[in-house]
Each structure stands twice: as C-alpha cells, then as structure tokens.
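Heads up, the thing below is written out as structure tokens.
The values are calculated or read from the model by the stated rules, or taken from the named source; none is laboratory data. The model shown is predicted, which means the values in this text are computed figures rather than measured ones. Reconstructed Cβ throughout: ideal geometry from the backbone, glycine too, with neighbour counts over all protein chains shown. Surface accessibility is based on the protein's heavy atoms, side chains included, excluding ligands, DNA and RNA. Shrake-Rupley method; radii C 1.70, N 1.55, O 1.52, S 1.80 Å.
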Amino acid sequence: MNPYQLCRFDDIATSVIVDSMLGFSTHKMDKKFRPVKSRRNYWRQMVREFTKHGDYELCYQQLELKKSFTICPEEEPLLKNHISHFLHLFHKDSGVSIHPCQRYSGEKNIGAKLSVTKSWRKSEKITQLVGCISELSSDDERTLLRPGENDFSVMYSMRKNCSQLWLGPGAYINHDCQPTCKFVSRGRNQAYLQALRDIAPGEEITCFYGDNFFGDGNAYCECETCEKVKRGAFIAKSSSSRRRQPLPDAVQPDDTSYRLRRKRNAPDDEQPSRQGEIGVPFTQIRANYSHLLTSAELKRRGITRYDAELLLSAGMPLPEPKEPELKFLG
C-alpha cells in the first residue's frame, strides 16, 4: 500500500473495529475523518460474533463496509487484508487483545493498549500482531503529516535511512523503559514483534521508543516502569532531577532498527502545545517555523521536534545541518 491508502484504510479499520469495541474514537490520520456512529452498534455485534466463529471472510462480508465508505474494487483486497489485521485482536486464539488505557496525558488519558492473553516465551515471535509500514517521501510528509496532530506514528528506519509511516494494530503498542517486546522487520511493508522476556497473561505489550523520545533523557516518560522506580514524569519537577537515571537491577532495553515518533507526554504545565520556556505559545512556534520542523529538516540537523521547539521558543538557533557522509564506490 502507498501511504495515502494506508492512512485511509487504517482510519476505516480503527473506526469500524477498534472504536466500535472500545466505545470511543482512537487515533486517526485524517483529522477530517467522520466516524459513522449510526453503524457502530452493528459493527460491534459483528465483531462479537467473530470472536465466536473466527471466520475472517464471513466477518468482513457482514461488516458491509460499502454501505458506509466508498471503496474502489481494485483497492478492496488491500482494505480486506488491513481489516483482518485488526480482527486478529479479537480472535480467540490470537494470544493478544486490546483494551482502553488511561495512563498517558498526551492522549488526554483516553487511549488504548495491547495485552497478551496467553503466555509468550522469551524470543518467541508474535507474528500475527503486525505493524503496517509505508515509506514516506518528503512530498508525502508535507501532504499527509501535521506536526502535533497526526504524526503520532511515524518512525525512522536506521537500516533504510528513511522515514516510514507505521500504522495497523502495531500503532497501539505503547512505550516502556523496560519493554516486553521489540520490533522485527518482516519484508518491506510489515514488522512483527518478538518477546524480550517471558510474558505472562494480562501483561501489556510494550516496546522501547528511544532514549530521548519523551524529552531529554525521557524526562517526561509516563511508562509503568518509570512510575515504579519514581523516574521520568513521576519525580519532582526540577530540571536537575529529571536527568535519566539507570534502571535498578534491570535489563536495559534492546536497541532496535525502529524509533517511533509519537506525541510526547509532558505534565500539563509543560505541554508543548501550551507554552515554551519564555512564554511563547508552541502553536505560534509551529506556525512561524514550520519549515524547520519537518521530519526531513529535523533529521538533517540531528534534533528531535520537542527539543527544536524548546530552542526556538527560547530564541535560540537550531544546530547546523549535518554534512552528508561521502561514500565512494568502486
């Protein structure tokens, strides 16, 4: 799928499957997307029946998506396949499930999380829980992404050296500084999960987003591990105390080839959408310096969007773009 198809099909699938079952709207790529609420109860009933019979084809036909959405015949196989990824969350033998999550302030404490329903052994592959990937060109990023609004699930592949859109059920995987899983590439357009340790039924499926994803040293991290060890967003609000401390007696998370870039979760009085350090609203910063806050430009300068906004709000320049490394062939 190209990124435009992936965005549209993901909005449809999350609205029909996930939102109907959870009872509230989750993330959407198109901010103008309007859910068909009059069909939500019907779709919920069809998914509940799927949990009993487990027939993907039958459930897809029963959803009657053509009554609610315009679907081109040549694109329907792609949509059907994408719908099946989300139906898998409700298959009785999948070993995974999705639930409401009220942990993260960046989602206004109304989000979702994935958990396991059976035991998974260390190094075991959770192959049916996939992230659907589509590479983004600079034009795609300018057209599809709006910083702070729908760039919740864009990742940078260090192996491919490019930005990629990451959607599908895998987009509901939350961060933890002591993750239970890691991403593993499966071809060009998908990635699945591999357990980093034994996972017991009821435990959340988490991955590690990066060392500075939630501010410098993950100072605003709200994960369960940080809550337990009183670190990140759970320590006193002072810049000196927010430096990243090593996890006590913990296995440091494996480095992976993917780093997700979702909206950071900072305390209410430090939310990037409110004000910068000298009182300049971040909405104004984003409007005045949008050309410096594209993912391509931030990548060239080697800085995160969060840190770039802080520097700009304080009237400080961004780091100079890094010179590309010259490679000689022959």
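Odds and ends about this structure:
- Checking Gln5, Gln61 one by one, the residue that is under 25 Å from the mean Cα position of the chain (by Cα), of a type in the set (S, T, N, Q) and assigned to a helix (DSSP H, G or I) is Gln5 and no other.
- Test: residue in segment 108-129 that is buried (at least 18 other Cβ atoms within 10 Å of the Cβ), modelled with pLDDT of 90 or more, assigned to a loop (DSSP other than H, G, I, E, B) and out of contact with any Gly (no Cβ under 7 Å at 6 or more places or on another chain): no
- Among residues of segment 89-112 that are aliphatic (A, V, I, L, M), those with a Cβ under 7 angstrom from a residue that is open to solvent by 30 Å² or more (accessible area, probe 1.4 Å) and assigned to a loop (DSSP other than H, G, I, E, B), sequence gap 6+ or separate chain, pair up as Val96/Thr117; Ile110/Phe24; Ile110/Gln102.
- Every pair of residues 6+ apart whose Cβ atoms lie under 8 Å, when the first sits in segment 295-310 and is part of a loop (DSSP other than H, G, I, E, B) while the second is at pLDDT below 75 and surrounded by fewer than 16 Cβ atoms within 10 Å (Cβ to Cβ): Gly302/Lys322
- Residues (outside any loop (DSSP other than H, G, I, E, B) and of a type outside the set (Gly, Ala, Ser)) located in segment 170-194: Tyr172, Asn174, His175, Cys181, Lys182, Phe183, Val184, Gln190, Tyr192, Leu193, Gln194
- Test: residue in segment 146-169 that is open to solvent by 40 Å² or more (accessible area, probe 1.4 Å) and part of a strand (DSSP E or B): yes
- Subset of segment 46-57 that is touching a helix residue (DSSP H, G or I) at 6+ places or on another chain (Cβ under 9 Å) and open to solvent by 70 Å² or more (accessible area, probe 1.4 Å) - its residue that is nearest to Lys113 (Cα to Cα): Arg48
- All positions within segment 81-93 that are over 19 Å from the mean Cα position of the chain (by Cα) and either among the acidic types (Asp, Glu) or surrounded by 19 or more Cβ atoms within 10 Å (Cβ to Cβ) (or both): Phe90, Asp93
- All positions within segment 218-236 that are open to solvent by 60 Å² or more (accessible area, probe 1.4 Å) and in contact with a strand residue (DSSP E or B) (Cβ under 8 Å, 6 or more places away or on another chain): Glu224
- In segment 1-45, the residues that are small (Gly, Ala, Ser) and either in contact with a Gly (Cβ under 7 Å, 6 or more places away or on another chain) or crowded, with 18+ Cβ neighbours inside 10 Å (or both): Ala13, Ser15, Ser20
- The condition (being touching a residue at least 24 places away in the same chain (Cβ under 8 Å), acidic (Asp, Glu), surrounded by fewer than 19 Cβ atoms within 10 Å (Cβ to Cβ) and over 18 Å from His175 (Cα atoms)) is satisfied by just one residue among Glu64, Glu75: Glu75.
- Residues (in a loop (DSSP other than H, G, I, E, B) and within 22 Å of Phe90 (Cα to Cα)) located in segment 8-34: Gly23, Phe24, Ser25, Thr26, His27, Lys28
- All positions within segment 64-106 that are part of a helix (DSSP H, G or I) and touching a Ser or Thr at 6+ places or on another chain (Cβ under 8 Å): Phe86, His88, Leu89, Phe90
- Conditions (1) out of contact with any His (no Cβ under 6 Å at 6 or more places or on another chain); (2) over 26 Å from Ala233 (Cα atoms); (3) touching a residue at least 60 places away in the same chain (Cβ under 8 Å): number failed by Arg186: (3)
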